[in-house]
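The values are calculated or read from the model by the stated rules, or taken from the named source; none is laboratory data. Keep in mind that this is a model prediction, so the values were computed, not measured. Using ideal geometry, Cβ is built from the backbone for each residue, glycine included, and neighbour counts are taken over all protein chains shown. We work out accessible area using only protein heavy atoms, side chains counted, and drop any ligands, DNA or RNA first. Shrake-Rupley method; radii C 1.70, N 1.55, O 1.52, S 1.80 Å.
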Amino acid sequence: MTIAKEAVNALHQRLKDLSVNASPDELAYLSKALESMAGQSTVYDIVSMSDEKLQELLDAATQHLADLDTSKTNALSSLQSATDGHVITLNNQKDTNITDIDTAGLAHQQVMNDLVAGFSSVNDVPEGSTILTEVAKKNMIETGSLPFLFGVINRSNDYWGYGAYTSQLGQWYANTSHIDYAMQMITGATGYTTDYCSFYRPPQLSFLQGINGRFIFSEMYAKYSVTTNEYTYPYALVGTIFIKNTTNADITRTFYFGGSSYWSSGYEGLGCFVATPNNVNDDPSAITGITWANVYSYASSTSNVAGSANVTVPANKTVAILFYSSSYYYTGSYNHYTQFMHWYIYSFRSGFLTTGLEVDVDRTLRAWQCRGLQYTYQLWN
Amino acid sequence: MPIYIRFENSKQIETTILSRKPAGTEWLKAPEEFDWHKCYCLDADNNIQERTEDDLSQEFVGNAKVNAETTISQTIDKYRREYAGYSFEKSESYRIQATAARNILQANKAGSAVDEEDLSVVQPLAVLRSIDAIEMSTLILQKARKAKRALAKLEECEDKTEQELAQCTTLEEVSQYLNNLEAAIESELNIGATNG
């Protein structure tokens with residue numbers, strides 16, 4: 001464009017120079033050539049015209065740039081103002097939220113503090129206490145389980161060795177003074193050393209079964225005959241179940257049981273007893289004794305007698321039902337005595353348990369695990 | 001809560017605490033002064049009475065005597081098996097040996113021929129002991145005579161002990177009698193066997 005423009009200017013100048021002294025033919029030719037080059041207007045017109053247009057364009061562009069610059073400055077100013085406004089709003093909102101969170105947190109903390117204080121007031125765990133590990137162990141007993149303790153004590157049925165006995169601990173089938181010995185043997189809460197503590201079947205934690213809540217033990221056996229003491233002071237089958245009344249009223253229910261019995265020396269038979277502590281469960285340490293009551297007795301020989309008796313569980317107390325049966329002597333031949341032992345509880349879940357009565361798992365575990373106690377009432381502490 | 005007692009042969013057998021009387025005609029309501037530690041019976045008019053100490057002890061003495069008879073027969077049987085053989089099969093074997101030995105000795109005494117069948121019973125036993133059939137037969141017969149005397153003595157013992165046992169009136173007497181019995185049988189048998 002610049003070259004063309006210079007060429008046109010040069011041509012224009014030549015035409016001027018030529019027009020001074022050119023011949024008419026030359027002028028006509030030049031004029032013709034120029035017209036063919038530029039159409040209707042002269043190149044010079046065009047060039048002059050372009051300069052003006054360029055000037056206009058330049059002016060317009062300059063004006064637009066100036067406008068844009070002004071507009072930008074205004075827009076930036078508006079943005080800054082808006083941003084400043086939003087920042088202030090956000091800042092205020094943040095402060096409000098922090099205050100709200102702090103308030104809610106303090107309220108929750110107060111609830112937690114109250115809980116901890118409440119927990120501490122009922123579980124004042126002293127330094128070095130093992131109570132928490134004990135609590136964990138108690139989870140071994142499933143909810144709804146009905147645990148109890150059952151074992152077979154050897155009186156003289158196995159004749160030899162330590163721990164056997166005949167009449168030393170008295171009659172058990174109907175004697176509330178002597179039946180505590182049975183409880184001592186089965187729970188291990190005793191002061192004896194090697195006397196009276198020999199087991200044919202050591203005390204086991206057993207569980208009542210099914211919706212009925214029953215447990216039945218039977219065994220027929222032959223023993224080499226050394227002395228009739230073997231069957232006149234036979235195996236003592238003993239079981240105990242701890243029952244807690246969680247209400248403020250006494251509850252009386254019917255307990256169903258049965259087993260074998262022999263009757264010869266008066267040290268056999270079969271009996272059911274209830275041990276009641278002298279204080280309620282609210283303050284176990286205040287329990288300093290238990291009282292035994294007879295609720296059932298049997299004094300004859302049979303392979304099986306089914307009995308029932310009413311048992312009263314006083315308000316807020318835990319009682320222990322102890323049921324004792326003896327091995328029935330069937331016959332003797334060829335140096336052997338043949339006997340049968342039987343012990344069972346039935347209809348406990350379906351017939352005995354009711355709202356407000358439950359198996360006392362804590363006392364059952366304590367009785368099972370023999371924590372070196374000397375007296376049976378200590379099982380309640 | 002009422003207490004109910006069940007009687008069998010007019011003696012208290014079963015006792016329970018129940019709100020209602022159990023089924024069965026043998027159950028009676030216990031008297032007001034009922035004591036679990038006491039024993040009761042029915043008198044001729046079906047009234048409940050406390051059993052006397054004597055009545056109770058007689059029951060236990062009676063039971064003890066029945067038990068003692070079991071012990072005696074078992075003890076005597078133990079010795080019988082020692083002499084008669086521990087099984088029927090062993091007794092039969094002793095009997096065959098004794099018969100054969102007797103026949104051999106009789107034949108020997110009479111100077112007649114010994115029966116081959118009798119000899120086949122005794123001869124192998126004699127060979128094992130490196131003695132002859134006559135000596136073996138003598139041994140067998142000595143043992144058979146000893147057993148015979150012992151078994152007779154045991155029969156006598158059994159009869160005698162039954163009589164003596166019947167005379168015991170207290171538990172202590174029964175117990176003492178039984179304690180002495182086994183030692184007595186043993187010494188009597190030893191004396192009898194040695195003298196034979």
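Things to note:
- Filtering the stretch B:28-40 to residues that are within 12 Å of chain A (Cβ to nearest Cβ) and open to solvent by less than 60 Å² (accessible area, probe 1.4 Å) leaves B:Ala30, B:Phe34, B:Asp35, B:Trp36, B:Cys39, B:Tyr40.
- Identity of the residue in the stretch A:329-351, buried (at least 21 other Cβ atoms within 10 Å of the Cβ) and within 14 Å of another protein chain (Cβ to nearest Cβ), that ends up farthest from the chain's Cα centre (by Cα): A:Gly332
- Residue in the stretch A:267-281 that is more than 41 Å from the chain's Cα centre (by Cα), more than 13 Å from chain B (Cβ to nearest Cβ), of a type outside the set (D, E, K, R) and open to solvent by 40 Å² or more (accessible area, probe 1.4 Å) present: no
- Strands (runs of 3 or more DSSP E) completely within the stretch A:171-288 that count 2 or more residues being of a type in the set (Ser, Thr, Tyr): A:199-207, A:215-224, A:251-261
- Residues of the stretch B:18-27 that turn out to be more than 11 Å from every other protein chain (Cβ to nearest Cβ) and either touching a residue at least 24 places away in the same chain (Cβ under 8 Å) or open to solvent by less than 60 Å² (accessible area, probe 1.4 Å) (or both), as a count: 2
Each row is one residue, and each column tells you yes or no for (1) out of contact with any Leu (no Cβ under 6 Å at 6 or more places or on another chain); (2) surrounded by fewer than 19 Cβ atoms within 10 Å (Cβ to Cβ).
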{"residue": "A:Cys197", "(1), (2)": "yes, yes"}
{"residue": "A:Leu205", "(1), (2)": "yes, yes"}
{"residue": "A:Phe215", "(1), (2)": "no, no"}
{"residue": "A:Ala222", "(1), (2)": "yes, yes"}
{"residue": "A:Leu237", "(1), (2)": "yes, no"}
{"residue": "A:Asn248", "(1), (2)": "yes, yes"}
{"residue": "A:Thr254", "(1), (2)": "yes, yes"}
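- Within the stretch A:282-301, considering residues that are in contact with a Ser or Thr (Cβ under 8 Å, 6 or more places away or on another chain) and surrounded by fewer than 18 Cβ atoms within 10 Å (Cβ to Cβ), the one nearest to the other protein chains (Cβ to nearest Cβ): A:Ala293
- A:Ala82 fulfils the conditions (1) without any contact (Cβ under 8 Å) to a residue 24 or more places away in the chain; (2) more than 21 Å from A:Tyr324 (Cβ to Cβ); (3) not in a helix (DSSP H, G or I); (4) not acidic (Asp, Glu) except for a single criterion, (3).
- Residues of the stretch A:173-189 that are open to solvent by 40 Å² or more (accessible area, probe 1.4 Å) and more than 14 Å from chain B (Cβ to nearest Cβ): A:Tyr181 alone.
- Among the residues examined, A:Ala117 qualifies as of a type in the set (A, V, I, L, M), open to solvent by less than 70 Å² (accessible area, probe 1.4 Å) and under 35 Å from the mean Cα position of the chain (by Cα).
- Residues of the stretch A:353-370 that turn out to be buried (at least 20 other Cβ atoms within 10 Å of the Cβ) and in contact with a Ser or Thr (Cβ under 7 Å, 6 or more places away or on another chain), as a count: 3
- Pick from the stretch B:54-99, criterion aromatic (Phe, Trp, Tyr) and surrounded by fewer than 16 Cβ atoms within 10 Å (Cβ to Cβ), ranking: nearest to the other protein chains (Cβ to nearest Cβ): B:Tyr86
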